[in-house]
Amino acid sequence: MSRPVPIRGVVFDLDGTLVDSMPLVLRAFAHALRPFCGEMTPEAITAHLGGPPDRTFRELIGDEGKIPEATRRLMNFSMENWRLIQPFDGMHGLLDHLGSAGHQRALWTGRERESTGWILHEHGIAPKLDAWVCGDDLPTHKPHPGGLEETLRQLNLTHTEALFVGDADVDVLAGASCGVRTLLICHDRVVDPAVRAKAWRAVNTPAEAYAIVRAEFPSQLAASG
């Protein structure tokens with residue numbers, strides 16, 4: 001019997017996976033959309049997230065001419081409040097653990113590169129990543145797997161040598177479409193059973209996901225030697 005291919009790298013989503021930013025993201029989008037869509041519920045906004053802001057605005061506003069103003073409002077609100085975004089407990093320890101175990105660490109996010117850079121450098125995450133691909137780096141967006149494919153290319157990993165960790169349905173769908181095992185963080189929300197079935201594992205919190213990554217993948221790497 002052939003040995004399973006050992007995991008050599010872990011790719012993470014950013015918002016809701018490495019950093020606790022969703023409350024600020026939802027407030028920023030609500031602020032940006034208010035003049036054009038009125039008051040929107042967090043659930044209505046969340047259903048359209050997963051790519052760069054202009055795609056979300058295009059879906060919700062519809063009028064192309066209003067997108068620049070909505071984008072300006074979003075960026076201004078985010079810039080004034082972005083330091084409210086904080087890493088989840090245990091995130092730095094996990095990245096350090098993976099690095100010391102010989103795993104590559106990468107990021108694939110739908111967030112645009114400018115604000116991604118602010119977050120990664122402010123919280124000392126950037127030096128712990130071997131690659132990062134953002135929502136405005138490619139013309140495709142989650143659930144299209146192009147960004148994940150590009151991340152693996154930069155890491156020189158095959159699909160079976162990587163694990164992807166994210167907190168959105170689009171993360172699971174992207175991972176499944178290119179054969180990468182995906183660990184889903186549900187944040188206690190109800191996940192479509194068809195999506196959940198495509199996930200390698202599903203947990204409620206980042207802490208649970210971090211514990212699985214710590215326990216499973218370094219030991220597999222060691223066993224392969």
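The values are calculated or read from the model by the stated rules, or taken from the named source; none is laboratory data. This structure is a prediction, so every number in the text was calculated from the model and none was measured. Virtual Cβ from ideal backbone geometry, glycine too; neighbours counted across all protein chains shown. With ligands, DNA and RNA removed, areas are computed over all heavy atoms of the protein, side chains included. Shrake-Rupley method; radii C 1.70, N 1.55, O 1.52, S 1.80 Å.
Within the stretch 88-102, is there a residue that is under 22 Å from Pro206 (Cα atoms), touching a Leu at 6+ places or on another chain (Cβ under 9 Å) and open to solvent by 70 Å² or more (accessible area, probe 1.4 Å)? Checked against the condition, which is being under 22 Å from Pro206 (Cα atoms), touching a Leu at 6+ places or on another chain (Cβ under 9 Å) and open to solvent by 70 Å² or more (accessible area, probe 1.4 Å), the stretch 88-102 yields no hits at all.
Consider Val165 carefully, then state whether it is at negative phi, in contact with an Asp or Glu (Cβ under 9 Å, 6 or more places away or on another chain) and open to solvent by less than 10 Å² (accessible area, probe 1.4 Å). Spelling it out, Val165 is indeed at negative phi, in contact with an Asp or Glu (Cβ under 9 Å, 6 or more places away or on another chain) and open to solvent by less than 10 Å² (accessible area, probe 1.4 Å).
Any idea which residue in the stretch 129-150 is surrounded by the fewest Cβ atoms within 10 Å (Cβ to Cβ), counting only those that are out of contact with any Ser or Thr (no Cβ under 9 Å at 6 or more places or on another chain) and without any contact (Cβ under 8 Å) to a residue 12 or more places away in the chain? Within the stretch 129-150, the match that is surrounded by the fewest Cβ atoms within 10 Å (Cβ to Cβ) is Pro139.
Would you kindly identify the helices (runs of 4 or more DSSP H) lying entirely within the stretch 1-90 that contain at least 2 residues that are within 30 Å of Ala131 (Cβ to Cβ), among the small types (Gly, Ala, Ser) and touching a residue at least 24 places away in the same chain (Cβ under 8 Å)?
Helices (runs of 4 or more DSSP H) meeting the threshold: 22-37.
Given the structure, is Arg153 in contact (Cβ under 8 Å) with a residue 60 or more places away in the chain, more than 20 Å from Ala47 (Cβ to Cβ) and of a type in the set (D, E, K, R)? Here the answer is no, as Arg153 does not meet what is asked. Among the residues of the stretch 128-168, those identified as assigned to a helix (DSSP H, G or I) and touching a helix residue (DSSP H, G or I) at 6+ places or on another chain (Cβ under 9 Å) are Lys128, Gly146, Gly147, Leu148, Glu149, Leu152, Leu155, His159, Glu161. The single condition from (1) more than 21 Å from Ile185 (Cα to Cα); (2) buried (at least 16 other Cβ atoms within 10 Å of the Cβ) that Leu26 fails is (1).
Across the stretch 187-207, the number of residues qualifying as part of a loop (DSSP other than H, G, I, E, B) and either aromatic (Phe, Trp, Tyr) or at pLDDT 95 or above (or both) comes to 6. Flag set for Asn204, criterion: surrounded by fewer than 16 Cβ atoms within 10 Å (Cβ to Cβ), in contact with a Cys (Cβ under 8 Å, 6 or more places away or on another chain) and free of Cβ contacts under 8 Å to residues at least 60 places away in the same chain. Residues of the stretch 62-85 that are over 19 Å from Asp136 (Cβ atoms), open to solvent by 90 Å² or more (accessible area, probe 1.4 Å) and either aliphatic (A, V, I, L, M) or modelled with pLDDT of 90 or more (or both): Glu80, Leu84.
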